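See below for the structure under consideration.
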Amino acid sequence: MCFRILLIMFVFALARVTHAHESVNASALAAKFLFAPPSDVREGVVALPSPRACATVSQCALLVVPRAPTLAFGFDHGGGTLRVTPLATDAFIWRLHIEDGKFARELRGGALESGAGWSPAIVESVASQAAFASDQPTRTVEFELSRGSHTIAAFTNVDECARDNNLSSSNEVALLIDDDSPAALVVHRASWRSNASEPLVLTACARWMESDELSPLCATSPGERAMACAPLEFEVVRARVHWSDGRVHNARITRDGAGRIETRARLENVQLNFDNAVAGTARIEIVARVFDEQRAARTRTVSYLVHVLDGGTQLLCHDSQHLIEVDFNDVSDGAVDVDHGRGWLDVSVPVRTRASALFAATELWAVSNSAERLLGWIGGITAVERDGSNARVHLGCASARVSLAPDERLECRNLRVHERDGFALCDFVARASVRRSDLSSTNDNGFSARGDGAMASHTVPASESYVAGAGSHALVLTHGYCADLNPWPMTHFSSDAWHYENLNQNISNDAYAVDLALRAAQFKSFGVVAHSQGGCAALHLYTFYWSGLDWVGAGRLIQTVGTPFRGTPLAGNLAALAAVFGVQCGSIFDLTLDGAALWLSAIPTSARSRVYSHTTTFTDVWWSYDYCNLITDPFLSDPEDGVVEHSSGHILGGNNMGLVTGWCHVTDMVDPAQSNDASRNSIMNAQGAR
């Protein structure tokens, strides 16, 4: 099986593909109105996360340069073990030499001459480049190297046959440099909003990624762990952005909002400012020298993807001129909430947008002159309603949930709108005024009979209620991003299992979910066993739309293996290799660390609780350097499966089914593909809801 199946995600691109809904009929599905209790807000389940928590953490360097017959890769090393991997279609035949100003030796397996200042041996390994849809291998050399500044020279035109076979056709090539030091470069967004013509700002810092208080097995992400670790000094060597229109601009580097600083200033944190952003996918490339605890410099790089919006979608409730309108409706033109009666609260939010549908959400607060109380959170994917030049989106919930005392008024807080595909944040308002909040007469019993701990309620307008199909009940097996086949062995499942296949596609979680619902509409009800992005799509479908998932019997609704609920750092770093190996399926913002965090912030605990997640990792022995994939390993934090980190494969509010060693994300890795674990598959088959 080609590894491209599932590096499953992301493989490279310089421009975001936006064709997501062209092949699916989203209007055929009824959207759910979401409600989450106050506890979900207080615990941060449905709150926008801090960009710091989604930081990209790099403990390696990916150096990309234009192709030439002779290449020079300069870097700093703090001493100790170093692993070097050239990346190109013809990289296996390159000749590599290392220089430190005194000596130059070829990097080949075997013994080195004495007196060179290095270990007497170099370990050479063959590494697959199938992650980049290349059937040509490369090689990794591992050796000991002294502290200092070094240069690796690569001689690329060493084989006439390679040139005749067009192995060296790419415009750029790369060198991956990895060591065992916990010194890391950490980069995150300064703000979630990124609009065209406005500044795009990133924050960069350095951390010593060792802490006695935080284990890699804990639920926190690498970014969250990094912020709890000791700061280090670092220097920015280069920071530049590749805009979607092909232009490249250098960063204006500042510190804490102060004036411009020297690029080589040794600091603990800086801001990278890129003025006049261009709509589309921007790739930011950062090269830095991080100084470890022994004050030795180590080269680190980050490639960071940001989806810049055109600025066309805005909330129009920033001031008293535009108010949110609230109305109470009866069932004839409202909705049914089976737990809280037939009255319906409609929240109409004014927007300016060219989109046909958006995700919107807000917190509802009861406010008086002396106190305030949180009533809950409402949200959902909602069609844009237009009346001439005016546009609105509608949210809602059972009116019984938001009854007010005579001296209270309703207020919307932390109101936000996102793109439907990718969930990039379009606009945000901390507080918004509401017109007509005289709702105290709708219920005399307070906020909710079920109280603060109530589960979220999925509701739908009565006129659009989902009607279950007339077919059988099934267990649907889904695949990941850009898959060229479904990885689940049908022999591991019962006869009611069904392979979902929409192969070789770059589609958002929303487009995947809609397509899954339409293809599975042949079944009266279905549960899901999902691999990789298929798990995100199943959770998205259950959260935001009515489908056969809502009609199942007893059992586990959504079971996932290797699903990047919180994204993967591979998305940004591998995007840097687009010019080396080609664009392939294209980039997808949903599976970046940022895109996944924004998406998860829209999913209440009631939906998360129906997910049963599994993660795997490679077999680790003390006497060797172990991994699932030699090339992707430096970009990921252990434990990981070659694509997805353990911390990303589980979510707060879900059911963590644990981490199992000895299995990797897909075939063509060191250990077997996780989807081939017959024991786990048997359990998922038996426990899966239908």
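Modelling each spin label as a point 7 Å along the Cα-to-Cβ direction, I'd like the S370/D387 distance in nm, to one decimal.
Spacing of the two 7 Å Cα→Cβ label points: 3.8 nm.
Under a plain spin-label model, where a point goes 7 Å from the Cα along Cα-to-Cβ, how far apart in nm are A28 and S191?
Taking the two extended label points, one gets 4.1 nm.
Specify whether the C-alpha gyration tensor of the range 583-634 places it in the rounded, prolate or oblate class, a ≥ b ≥ c being the square roots of the eigenvalues: rounded for a/c under 1.5, otherwise prolate if a/b is larger than b/c and oblate if not.
Values: a/c = 3.31, a/b = 1.50, b/c = 2.20.
Here the range 583-634 falls in the oblate category.
Assuming 0.36 nm per residue, please report the length gained on full extension of the stretch T220 to A686 beyond their Cα-Cα distance.
Numbers: separation 466, 0.36 × 466 = 167.76 nm, distance 3.09 nm.
Result for the pair: 164.7 nm of gain on full extension.
Can you give me the distance in nm between label points at L518 and N269, each placed 7 Å from the Cα along the Cα-to-Cβ direction?
A separation of 4.6 nm, rounded to one decimal place.
What is the local net charge at R67, summed over the other residues whose Cβ is closer than 11 Å to its Cβ (Lys, Arg +1; Asp, Glu -1)? It would help to have the intermediate numbers written out before the result.
Values: positive: none; negative: D90, E172.
Once positives and negatives cancel, what remains is -2.
Would you mind getting me the FRET efficiency between D638 and D310? Use the beta-carbon distance for r and R0 = 35 Å, nearest 0.05.
Details: r = 39 Å, r/R0 = 1.12.
Using R0 = 35 Å, I get an efficiency of 0.35.
What net charge do the residues around L309 carry, taking every other residue with its C-beta under 9 Å from that of L309, with Lys and Arg at +1 and Asp and Glu at -1? Don't jump to the answer; show the numbers that get you there.
Working: positive: R193; negative: D310, E419.
Counting the neighbours of L309, the net charge comes to -1.
Can you list the residues of the range 485-515 with backbone N under 17 Å from a point 7 Å past the Cα of H473, pointing along Cα to Cβ?
Answer for this model: 494-498.
Calculate the FRET efficiency for A68 and S495 from the Cβ-Cβ distance with a Förster distance of 60 Å, rounded to the nearest 0.05.
Details: r = 58 Å, r/R0 = 0.97.
The value I calculate is 0.55.
Find out how many positive minus negative residues lie around E224, taking Lys and Arg as positive, Asp and Glu as negative, among other residues whose Cβ is under 11 Å from that of E224. Display every interim value, and only then the final one.
Working: positive: R52, R225, R566; negative: none.
Value of the local net charge: +3.
Every read-out reported here was derived from the displayed coordinates using simple, explicitly stated rules and does not represent laboratory data. Keep in mind the model is a prediction, meaning the values are calculated, not measured. Every residue, glycine among them, receives a Cβ derived from its backbone with ideal geometry; neighbour counts consider all protein chains shown.
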